[in-house]
Structure formats: structure tokens, C-alpha cells
1. I need every pair where a residue in segment 354-365 that is free of Cβ contacts under 8 Å to residues at least 24 places away in the same chain has its Cβ under 6 Å from the Cβ of a residue that is surrounded by 24 or more Cβ atoms within 10 Å (Cβ to Cβ) and in a helix (DSSP H, G or I), sequence separation at least 6 or different chains.
2. Residue 543 passes all but one of (1) in a helix (DSSP H, G or I); (2) under 30 Å from residue 243 (Cα atoms); (3) not basic (Lys, Arg); which number fails?
3. Hey, any hits in segment 420-433 for a residue that's assigned to a strand (DSSP E or B), of a type in the set (Ser, Thr, Tyr) and either in contact (Cβ under 8 Å) with a residue 24 or more places away in the chain or touching a Lys or Arg at 6+ places or on another chain (Cβ under 6 Å) (or both)?
4. Among the listed residues 492, 485, 478, identify the single one that is touching a residue at least 40 places away in the same chain (Cβ under 8 Å) and either open to solvent by 70 Å² or more (accessible area, probe 1.4 Å) or in contact with a His (Cβ under 8 Å, 6 or more places away or on another chain) (or both).
5. Looking only at residues in segment 178-188 that are in contact with a helix residue (DSSP H, G or I) (Cβ under 6 Å, 6 or more places away or on another chain) and assigned to a loop (DSSP other than H, G, I, E, B), which one is farthest from residue 88 (Cα to Cα)?
6. Cβ-Cβ below 6 Å, separation at least six or inter-chain, first residue in segment 217-241 and closer than 18 Å to residue 207 by Cα, second hydroxyl-bearing (Ser, Thr, Tyr): which pairs?
7. Sort out which residues of segment 443-452 are more than 24 Å from the chain's Cα centre (by Cα) and of a type outside the set (Gly, Ala, Ser), and write them in order of number.
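The values are calculated or read from the model by the stated rules, or taken from the named source; none is laboratory data. Remember, predicted model here, so these are calculated numbers, not experimental data. We place every Cβ from the backbone using ideal geometry, glycine too, and count neighbours over all the protein chains shown. When the accessible area is computed, the model is the full protein with side chains, heavy atoms only, and any ligands, DNA or RNA have been set aside. Shrake-Rupley method; radii C 1.70, N 1.55, O 1.52, S 1.80 Å.
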Amino acid sequence: MRRLIPLLVLLFALPVSARPAPTPPVESLSQLAAAIDGVRERRGAPGVAVALLKPGGEVWQHTAGMADIDVQRSVTVDTRFRIASISKMFVSLAVLRLQEQGRLSLDDRVAALAPEIEFDNPWESNHPLRLVHLLNHSSGWDAPHFAEQIGSDGRPLSIREALALHPHSRRSRWAPGSRTAYNNTGPLVAAYIVEKVSGADSYEDYVREQFFEPLGMEASGYYYSDDYRSNAAGQYHGGRELPYWHLNNRAAGGMHSSLNDMQRFARMLLDRGRIGGTRLLSAESIRRGETPTQTLAAKAGLQVSQGLGNNSFHRNGVVFRGHEGGLPGASALLAYQPQMGIAHIVLANGSGPVAAEIHRLLADFVTRNHTVEPVAAERKITGGDRSLSGHYRVANPAMQSAEFLADLVPWTVNVRGDSATIGPLLGMPPRKLVPAAGGGFLQESTGRVALVRVRDPAAGELLHYGPQALEKVGAVGAYGPPLLAVSWFVCAVVGLGFLPIWLPRYWLGKIRPGGAIAMRAWPLLTLSGLLAALLGVKMAMASPVPYALAGRLSLPTLLVFAGSIAFFVCALWSLWVWFRYRSSRMNRFVKYHSTVLILLNLLVGLYLLSYGVIGIRLWA
């Protein structure tokens, strides 16, 4: 599961990527174990379980730390960890298994398979929503709304009950198959279709019978059972243990498993669907799950994108398949490389990037002797390629209400001479691209097609760079939002910095009431609305179950709602204050600074209003 709550945490802040400190090369398994322990301790994860599958069936395992801090129970290879979005791999494999049996097809229309499930696709007549779109994240649906995360008296809901909670997020924002955006609801609907078509009592029963039992995954499941309670790794966040959370999208992110069980699953993937001498899935189905297809970008040749519940990772020129998962207090990652016959699993009971950092250690270790061959251009740069140069905005935000944050970081494409680069304004250096034979561009590190140009049914020409869809904009559209944010932030900090200076002078009677005070005070009072909204976000995040708290009418959500409105209303009122007192005598710097801050507050308010953030009802 992706983190949904940061919608307002990063309000008005420019996102930047934190890079881990460089680590010395790891040349032995003992060094690898020490490096893993270093990551665990630095990231504050109580425990980790790691496995490295080598060619020929050899397995290296490493466990460290505590599964339960209170009783000092250590992590073992059989400790049950929540694996979050790795659960999506099982949804896709279940669909592929039913397709092999002729009981459904990836091309089937969702409306035909499950007419009882509400969704809205304005392009249904020409671009119908198909089962494959639910699995490759191209449905166009918004991220699950917070109200979809609220349970019922602490009991697990059925998939049908969960889908009935809040169907409004299931509206295609673009034609299905035209763009991808990571989504947690699509796989849940696919799991319901598996449940319905298979005739199983539940999706979870189907997975147990068709996958867990044949694979010998006895420690895996979806519920807060006696077995789980007795063997689970507690979920820890901020130094405290979190209560168990019955995820409503359980099929897409609520599975738990052990290191031993995940090794069996990874081995099946490496063996192309075989379990010993028994075939669970065809090699073609395994390959199909790994391959980006049935999107406009994939048809244009894009190779670096979403498979079916199966993502790609690359390190040192080697492409891995697999999936990552994260929940509050849980982090997991499975990566495998079929051609090399290797895989690794990382399970942790702490939040944050602990699994991703350990994955990088493991990937660096297994590819340490791999020679990265230079990727040669397959054609010459053309005039059409050069026309791609310019500024772009992200046109496929996973969460629609966070689109205003994505637009704070424009992307740039530069095609000059015989080379091309692409990258966001902030967060990472530009990446070099190499011209590909089919008209797109190759990723320099892997030689895979990473950039293509497509004609979008709704937006016209778009670039697809990996999972990102990019729409060309002018310099004002690209740099206007980040310049506004930076200017507003600096001006607001300056204003708050002078508050402790002029406020005591006012109390002492050295500044008379009137225009001088109104011009100083109202721009800062406007900021108090924003502070109230951020306080609401902080209160929600401090909850053991922040998503559920944000999905109901509560003090935190009311603060976000009322605070954002207060910010905009005070920004408008401040403009009237400026008009009334613009000719009053006051310090010239105060007058100019207050005028600028009033204007910037209003522009920020209008910017947020245009994105629907002012008066946002997180519970709706």
C-alpha cells in the first residue's frame, strides 16, 4: 500500500528525495549481514527477516531483532510479518490461473463480470474498463478515499461490504488503459471477481486452496487468527506498537506471511510456475504477469512500467521483478531475477524505507560482478525528438486531491545533439536517455525502452516515462507554482520572524492601533488557518490508525476543513484591509512586505482553490 495520508503533511512544501548515505562495498555474506543490521538500527525497525535465494536452490537467511519488544521474542524464519502490497501479486496470479482454466479473460469487461460493482467510466463506449486495467493500474481511478478505510466494529469486512462503503473514488479520470497510476482499489475489485467466478466461499479461501496449500505456505493468511497472534511480528511506529488493523482492501494489502513461506513463493516464480514436479501456473502466465501490456504506452513500446501486480526494480544494469509493500509499522519487499535464478525477500516490522534500503544492499551484492554494457543508440536524433524538449507536468497523479503537490515539481526534457535527458526540477539528477529503434528512448542503465510518445484520448500528446505520464506546459505553467510556493514561504517566514519584534512594541504602546497594526496582523492571521489545517493532519497521523481517523468526521478533519477555509477567507479579507489602509503612514519595509504577503496569500489560496483543497472534506 502506498501512503495516502501525506496529502496535507507536505502542504506547500517542495518534495525532495532523501538519499541514504553511501555504504562501503559488501563482498561477503558476513559483511552483508552486518550491513543489514546497520540499516535496521538506523531506521529503527525492531526486527527484520531476510532471505537470499541463489541458483541451484541454495538459500541464505538472516534474522535479527525483536518480533515483540514487550516479551523480548526474537524474529525467526517463521515469524509472521504483514507484507502489505505484495498481496497484489497473489490477486494477479489468481486471475491468471482462472484465465488458464478458461473461466475468464483479462480482456473481459468489468461491467460484464461484476455489474453489481459500482464504477463510472465516461469513456466506456470506446474505451471500456477491462479486467486487465484493474491489475496494471490503468483504470484511471483515484486513490481510495479515506472513508473507504473505516471498518465496522473492529471486524474484517467482506470484499463486497468494503466495495460498498464509498464507491465515489471509482471514477475513471482518463480513458482506461491510456495512463497508469498506482491504485489499491483495482486489485480489490479483481479479487472480488476471482471470488465470484471461482465460486469459492471467499477470495481468501481461493488463495489458500490454490496457492498456499500447494506451495506449503502454512504461515500465510489474511486474518487476525490465533496462529497469527501467537507468531506475529508486532507493528511498530515511532517507538510504539500499533494495534492490528483490519484492512478493508485486505486482498490488495492485508496478507501476512513468513520468511520461509515467501521463499517458497519466490522459488515458484523463479521456476516459472512450477512447484517441484507440479505445475501451478504456466510459464506464459508468469511471463504475462511480468510484462507491461494493454496500455497505450506499452503498445508504443514502453518496457519500464507496471506488469500485473508485478513491478520492476533495476540495479547496476540488472532488472528485477517483484513488489514492495508498506503499512504503518510494516515494510516488505520481494525481488527476483529469473534469468540469473536469484531472488531476495525482506520483511521488517518498522515503518519507512527499511525494506527498500536492504533491497539495495542485496541487489548490489548479487550484481557486484555484473558488467554494465554501454547502451548504444539504435537510431539518430530527429527533429521530432528535438521538439520534445521543454517543460512538463505530471498528468497521472495517484491521488487527485494531491495533484497540487505534483504540480510544484515540473519535469524537463532536453534533446540536444545526439543525447537526451529527463528529470524533475527537484529530487534527482536528470537521467540520460538513448534513442531506441521504435521511436522512443532507452534507459541508459538497462537498455529497456523507458520513454515513449502517445496520443491520449483526453489530453492529446503525452510522454510516458516509466509509470509517469507527462503533459507539456509552458515556462509559466512549469515554474509558476514552485516559484509561488518558494516566494510565499520565504515571505511568510520573514513575517513570522518580525512578529516577536513588533507585537511587544504594540503592547507597550509604541505602535498605535490602526493601519500599521492591521497591515501587519492580517497577513499573519491568514497563516493561522493553514497552521490549524496542519495541526489537524498531525493529530490524525498521531493516531494508531490515521487513515480511518481521517475518513470520519472528527476534530482533525474539521481542523483541516475549517482551517483551509479560514486561510482563504482571511486572504480575501486581508486584501480589503490593504485597500483600506494602503495610504496609512507606516514603516516602508512593513508596508511593502505586508503588501507582498497579502498578495501571495491570495495567490496561494486561489491555487489551492483551483485544485479543490480549500474546504476539503477528508471524510467525504
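1. Correct list of pairs: empty, since none qualify.
2. Status for residue 543: all satisfied but (1).
3. yes
4. After applying the criteria, what remains is 478.
5. 178
6. 219/258; 220/257; 224/244
7. Answer for segment 443-452, where residues must be more than 24 Å from the chain's Cα centre (by Cα) and of a type outside the set (Gly, Ala, Ser): just 444.
The rows are residues; the columns are (1) among the β-branched types (Val, Ile, Thr); (2) part of a helix (DSSP H, G or I); (3) surrounded by 20 or more Cβ atoms within 10 Å (Cβ to Cβ).
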| position | (1), (2), (3) |
| --- | --- |
| 352 | no, no, no |
| 364 | no, yes, no |
| 370 | no, no, no |
| 378 | no, no, no |
| 391 | no, no, no |
| 398 | no, no, yes |
| 401 | no, yes, no |
| 412 | yes, no, no |
